[in-house]
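The structure under discussion appears below in the form of structure tokens.
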Amino acid sequence: MRVKVAAQVLSQRVSSTMPGFAVHGDGTLPPTAVDTGDFILFMDMVFDSINESRIQPEEGKPLRVAVTEGSVHKDFWCEAIKGFSGVKFFTDRREFVPPSVKNWILTLRDFIFIWKRLRDLDLSFFAQEI
């Protein structure tokens, strides 16, 4: 699956721009766009955490690096799972959790499992670029 467009839209740059337009802009974006910006930043961090092979992180992007014993990936994945677990969609007729949300939870749990197994094999990092 190609995620390039999603990764560009759900980026740190877009997330940091939205609150400014929502609060100080010309009224094009409603104030609730701040929440959308928070969600976009969260998704940018999720993408960074599962899609990188560098050994040294970029400045300001602590998850955009291979997983190591000292990296923040596992803690972030656990918090992200909690965040995704609270997501529900509502229609006029029902409340539901879409497959994409369920699959993000499974993916992050699997990354935690893989990293644990790699550590058990005495590997020092996990270059998880997908």
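Residue count for the range 114-129 under the criterion of being in a helix (DSSP H, G or I) and either touching a helix residue (DSSP H, G or I) at 6+ places or on another chain (Cβ under 7 Å) or touching a residue at least 60 places away in the same chain (Cβ under 8 Å) (or both): the result is 1. Applying a threshold of 8 Å to beta carbon distances and a minimum spacing of six or more residues, or different chains, the list of pairs starting in the range 81-108 at a residue that is farther than 17 Å from residue 45 by Cβ and part of a helix (DSSP H, G or I) and ending at one that is modelled with pLDDT of 95 or more and not aromatic (Phe, Trp, Tyr) is empty. Going through (1) surrounded by fewer than 13 Cβ atoms within 10 Å (Cβ to Cβ); (2) in contact with a helix residue (DSSP H, G or I) (Cβ under 6 Å, 6 or more places away or on another chain) one by one, residue 86 falls short only on (2). Please give the number of the condition residue 111 fails out of (1) part of a helix (DSSP H, G or I); (2) surrounded by 14 or more Cβ atoms within 10 Å (Cβ to Cβ); (3) under 12 Å from the mean Cα position of the chain (by Cα). Answer for residue 111: the failing condition is (3).
Every residue, every condition in (1) part of a helix (DSSP H, G or I); (2) buried (at least 19 other Cβ atoms within 10 Å of the Cβ); (3) at pLDDT below 75, yes or no:
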| position | (1), (2), (3) |
| --- | --- |
| 5 | yes, no, yes |
| 13 | yes, no, yes |
| 21 | yes, no, yes |
| 53 | no, no, no |
| 74 | yes, no, no |
| 78 | yes, no, no |
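The values are calculated or read from the model by the stated rules, or taken from the named source; none is laboratory data. All values derive from a computational prediction rather than experimental measurement. All Cβ positions, glycine included, derive from the backbone under ideal geometry; neighbour counts span all protein chains shown.
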